[in-house]
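The block underneath contains the structure these notes are about, expressed in structure tokens.
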């Protein structure tokens, strides 16, 4: 005689939904916050090598909007904040729904960048890969 648990599939669905919604984390409340000690963040304003990346050089007026469009074109994102000299995009991972924030801030002829995971300790290099991809796209399409 086989015993079935009639509510097991419903309970499993609720647990999965709670787990996935928890992956979103909360949006940053401070712009360009210092990176935590964990390896899931990098910033052009960071002083330590493990979290440091280079800012983008803006040579002409069209470079800033081109940089923002390049970041948007990378996919799986939405613009959460769009101001004249500051943009924050939210990138969502396909598998688990983890949210990473990519911040861009224009300061004179530089565009600072910060990319960080909202939850977890390690991001397996995803944020660094994202910034490097943005740098390649920017160098190919803008900033010439």
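Each reported figure results from applying straightforward, stated rules to the coordinates on display, with no laboratory input. Treat the numbers as computed from the prediction; the structure is a model and nothing was measured. Cβ coordinates were reconstructed from backbone atoms using ideal geometry, including for glycine residues, and neighbour counts include every protein chain displayed.
When only Cα pairs below 8 angstrom with a gap of at least 6 residues are kept, segment 26-141 shows a relative contact order of 28 percent. With each label modelled as a point 7 angstrom along the Cα→C-beta vector, the residue 78-residue 54 pair spans 3.4 nm.
With the convex hull of its Cα atoms as the shape, segment 73-144 has an orientation-averaged projected area of 5.2 nm².
Across segment 26-141, Cα-Cα pairs farther apart than 18 Å form 45% of the total.
The distance between label points at residue 110 and residue 34 comes to 1.8 nm (points 7 Å beyond Cα on the Cα→Cβ vector).
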